[in-house]
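What follows is a short report on a single structure.
The values are calculated or read from the model by the stated rules, or taken from the named source; none is laboratory data. All of these numbers come straight from a predicted model, not from anything done at the bench. Here the Cβ is made from the backbone with ideal geometry for all residues, glycine too, and neighbour counts use every protein chain on show.
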Amino acid sequence: MGLAGALCAAMPVQAKSVDEDPYGDASEINTSPLGPADVGFSNLFSSLQRLDGDAKAANNIPSGRPVQKLSLTSNFGVRSDPFNGGARMHKGIDIPGPVGTPIYATADGIVSRAGWASGYGNLVQISHGGGLETRYGHMSKLIVAANSYVHRGQLIGLMGSTGRSTGSHLHYEVRVDGQAINPVPFVVGPDVLVAMNTKPPVALGGPTKAQENAAE
């Protein structure tokens, strides 16, 4: 998918905090991503403009699948919290799989964090430049270390159920200038729409805002 497609399809969410808050109130969902007041869309556009000046920009834009076999049990957006049943804003997608399933970086970048992060469990966070960032949560094992450089397709960890989780899966996020956006447009491939519709949303967990604040 080209940059224009990603810009049009990615739906940002106005986060109350740009730190580590993969959950938010249901009211945080932005139903007009192309509106003039959409800060997240503007940030995404600015970030891609910053990357466009670099010959290596394409390698630093998240694309492709973080796992070999893609299916989704929980999409980006409002869902029922698996622990309390309330409506919550889910700022990533949940990709299920057996414990030990390989997880790969979706773009070149520098590992800004690799370790325990409260509700995320074992987390790898990669900075791709231009304000772009990806997060990979609930891992059973971390393969990369903080401050290391990784390439798209490089093994970074193994799937698990650490942190605030009810089953083995990968919690995958794409963020722009600290704001979570819909990762699905960046997960290219003909199986994306099939994966989105093969199963009903099943929440598998994730950290609360309080847990992530405590992890700081």
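Structure values in brief
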| item | result |
| --- | --- |
| Selection from the stretch 125-152 of residues that are in contact with a helix residue (DSSP H, G or I) (Cβ under 6 Å, 6 or more places away or on another chain) and under 11 Å from E173 (Cα atoms) | L132, G137 |
| Selection from the stretch 100-121 of residues that are buried (at least 22 other Cβ atoms within 10 Å of the Cβ) and β-branched (V, I, T) | I103, T106 |
| Residues (modelled with pLDDT under 90, among the hydroxyl-bearing types (S, T, Y) and more than 18 Å from T134 (Cα to Cα)) located in the stretch 64-111 | S71, T73, S80 |
| Residue match in the stretch 45-63 (condition: modelled with pLDDT under 85, hydroxyl-bearing (S, T, Y) and part of a helix (DSSP H, G or I)) | yes |
| Matching residues in the stretch 93-151 - criterion: being part of a loop (DSSP other than H, G, I, E, B) and either among the hydrophobic types (A, V, I, L, M, F, W, C) or without any contact (Cβ under 8 Å) to a residue 24 or more places away in the chain (or both) | V99, A105, A107, A117, I143, V144, A145, A146 |
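So that you can scan it fast, the table gives a plain yes or no per residue for (1) among the basic types (K, R); (2) out of contact with any Leu (no Cβ under 7 Å at 6 or more places or on another chain); (3) under 19 Å from D94 (Cβ atoms):
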position	(1), (2), (3)
L123	no, yes, yes
G131	no, yes, no
M139	no, no, yes
A145	no, yes, no
H151	no, yes, no
Q154	no, yes, no
M159	no, no, yes
S168	no, yes, yes
Y172	no, yes, yes
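The rows are residues; the columns are (1) modelled with pLDDT of 95 or more; (2) of a type in the set (F, W, Y); (3) over 13 Å from I103 (Cβ atoms).
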| site | (1), (2), (3) |
| --- | --- |
| S118 | no, no, yes |
| L123 | yes, no, no |
| I126 | yes, no, no |
| L132 | no, no, yes |
| S148 | yes, no, yes |
| R164 | no, no, yes |
| V176 | no, no, yes |
| V184 | no, no, yes |
